[in-house]
Amino acid sequence: MTKVLLLGANGRIARLVRQRLLSETDATLTLYLRNATRVTPVDDARETIVEGDANDFDTLAQAVQGQDMVVAYLGGEMAPLAETLVKAMTDEEVQRVIWITGLGLYHEVPGEFGRWVEESVGTPVMDDTRDAAAAIENSALNYTILRAAYMTDDAKIDYELTEKGTPFKGTLISRASIADLIMRIINQPELHSFSSLGIDEPGTDGDRPY
């Protein structure tokens with residue numbers, strides 16, 4: 001029985017993954033979030049809630065203990081969060097992590113859209129997300145980094161992937177598509193090991209996401 005820790009469990013992607021895990025698998029889930037009252041109802045037979053900040057090493061390490069997979073899509077200052085997670089997983093000897101972040105980590109977004117991303121997000125935020133990804137990549141963890149295009153709540157599942165070192169493609173991606181890829185990796189943990197993948201919806205290329 002697979003054990004999955006969802007960090008930021010009330011986020012929209014985490015909620016989609018949680019629903020699918022409960023309906024499609026026999027996995028047991030640990031839901032980690034700052035305010036436990038925000039996730040209801042809870043399947044007591046398969047779900048455990050941990051209330052805590054992802055920067056709180058002791059609470060995070062306890063939640064990480066015994067997990068098979070950690071899925072992290074967090075907000076805030078990302079580099080310290082990544083460093084805390086790497087330490088917690090390393091100390092607890094948990095290897096597999098999916099780290100969801102934005103596009104542009106490697107200046108891989110071409111043309112006018114790439115220029116616009118850098119300008120609209122801003123250098124401090126981009127540098128922070130790059131430092132966070134570097135902390136994951138430079139660790140001994142078995143990671144998959146998902147570099148997502150601008151996210152929508154479209155229910156359609158339709159996506160293409162680009163490897164690190166190749167140009168990013170589209171401008172949009174549905175959260176349902178990101179959740180679908182996460183489900184594939186949870187079901188096949190060796191899939192996309194030690195990879196940083198761009199994910200977008202085919203045919204959404206352009207200078208702006210909308």
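The values are calculated or read from the model by the stated rules, or taken from the named source; none is laboratory data. This structure is a prediction, so every number in the text was calculated from the model and none was measured. All Cβ positions, glycine included, derive from the backbone under ideal geometry; neighbour counts span all protein chains shown.
Tabulated results
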item: Count - residues of the stretch 78-107 that are of a type outside the set (A, V, I, L, M, F, W, C), surrounded by 15 or more Cβ atoms within 10 Å (Cβ to Cβ) and over 18 Å from residue 151 (Cα atoms); result: 9
item: Residue check for residue 58: surrounded by fewer than 16 Cβ atoms within 10 Å (Cβ to Cβ), touching a Lys or Arg at 6+ places or on another chain (Cβ under 9 Å) and without any contact (Cβ under 8 Å) to a residue 24 or more places away in the chain; result: no
item: Answer residue from the stretch 114-130, given it is among the charged types (D, E, K, R) and over 16 Å from residue 100 (Cβ atoms) and is surrounded by the most Cβ atoms within 10 Å (Cβ to Cβ) among those; result: 118
item: Residue 46 vs. criteria more than 14 Å from the chain's Cα centre (by Cα), buried (at least 16 other Cβ atoms within 10 Å of the Cβ) and not aliphatic (A, V, I, L, M); result: no
item: Close pairs (7 angstrom Cβ cut-off, 6 or more residues apart or separate chains): part of a helix (DSSP H, G or I) in the stretch 184-210, of a type outside the set (Asp, Glu) anywhere; result: 184/191; 185/98; 185/144; 185/191; 185/192; 186/2; 186/4; 186/69
item: In the stretch 163-183, the residues that are within 17 Å of the chain's Cα centre (by Cα) and either part of a helix (DSSP H, G or I) or over 25 Å from residue 140 (Cβ atoms) (or both); result: 172, 173, 174, 175, 176, 177, 178, 179, 180, 181, 182, 183
item: Options 101, 48; residue that is over 23 Å from residue 191 (Cβ atoms), modelled with pLDDT of 95 or more and hydroxyl-bearing (Ser, Thr, Tyr); result: 48
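Conditions (1) free of Cβ contacts under 8 Å to residues at least 12 places away in the same chain; (2) outside any strand (DSSP E or B); (3) β-branched (Val, Ile, Thr), marked per residue:
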| site | (1), (2), (3) |
| --- | --- |
| 71 | no, no, yes |
| 79 | no, yes, no |
| 99 | no, no, no |
| 118 | no, yes, no |
